[in-house]
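Comments concern the structure below.
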Amino acid sequence: MASVLLSERRGAAQVLTISDPATRNTLSPQVYEAGSRALQAAAADAGVRAVVLRGDGAHFCAGGDLQRLAASREGPADTVRANIDRFHAFVLAIRDCPKPVIAAVEGHAAGGGCSLVLACDLVVAASGARFTMSYGRAGLSPDGGGTFHLAQALPRALALQLMWLPEPISAQQWHAWGLVNALCADGQALPEALALAERLGRMAGNAIASAKALVNHARTRTLGEQLHAEREQFVPNLQHRNAAEGLSAFFEKRAPRFD
């Protein structure tokens, strides 16, 4: 049975759970399509202030289902391309969602599971979590944007090391490299991610969305282009009612109450 994506509301956070514990939550086309739809729905729902992505049970995600991939070798290449496009649409939906998307990582994240973690805005990882990016042991090359995100975040030689060598990397090392935002005790990744989502949910959603959009595109722009983009985000945010509330709260020395 292929993995599925479970979705539930926890306060102002939408929790998306990749579920197939027997295979350490391998990925499937059903998960890709459901993930894209869920993120689009979260983006349109004013009651959702953040999204948390996690795995069911003791692990985050073991990546692609190798049995399914092995079977697909004898089929049409266009079918494989279509499934990869579905996966990549899921990754783009994470990046394009105007709400914060937080990965809550327990146990193992491997291959495409690592790519999903890297696509998220913030990462909370249990101290026992392990990350394995290498596809080489299966004779495959990376997908899901893993090469893009690692090449942006790390020196070239280190990114290639993670792509080529199969040794699992600890959550502590990923944290030291800046790939994990917060470490927590084993079994506490979801509660910690929900607490972070609650903090973000108390902030101005329009300002959160603007900051995410600006950071997403910063590396592809010149400084002049980025300054122009910052201005074009700043002016409507200043005119938004949330700015009136935020400034009033600052002057009145109280907590703001944003829309």
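We did not get these values from a lab; they are worked out from the coordinates using the rules stated. It should be emphasised that the depicted structure is a prediction, and the values quoted were computed from it without experimental measurement. Virtual Cβ from ideal backbone geometry, glycine too; neighbours counted across all protein chains shown.
Quick notes on this structure:
- Listed values for region 47-64 are Karplus-derived 3J(HN,Hα) couplings in whole Hz (6.51 cos²θ - 1.76 cosθ + 1.60, θ = phi - 60°), namely x, 8, 9, 7, 10, 10, 10, 8, x, 7, x, 7, 10, 7, 6, 8, x, x, and x replaces Gly and Pro.
- Fluctuation leader among Leu227, Leu122, Leu179 - the chain, Gaussian network, Cα springs under 10 angstrom: Leu227
- Hull-based mean projected area of the chain, where the convex hull spans the alpha carbons, in square nanometres: 15.0 nm²
- Residue order, fewest to most surrounding Cβ atoms within 10 angstrom, among Val91, Val31, Val80, Val235: Val235, Val80, Val91, Val31
- Simple Cβ-charge dipole of region 28-78, Lys/Arg +1 and Asp/Glu -1, about Cα centre, in debye nearest 20: 180 debye
- In Hz, Karplus ³J(HN,Hα) per residue of region 162-175 (6.51, -1.76, 1.60; θ = phi - 60°; x = Gly, Pro): 5, 6, 8, 9, x, 5, x, 10, 6, 4, 4, 6, 4, 5
- Inter-part distance where region 1-54 and region 71-108 are each reduced to a Cα centre, Å: 12 Å
- Alpha carbon convex hull of region 1-61, projected area averaged over orientations, nm²: 3.8 nm²
- The angle between the Cα long axis of helix 223-239 and the main principal axis of the chain comes to about 50°, on a 0 to 90 degree scale.
- Most mobile of Asp186, Asp45, Asp85 in a GNM of the chain (Cα contacts under 10 Å): Asp45
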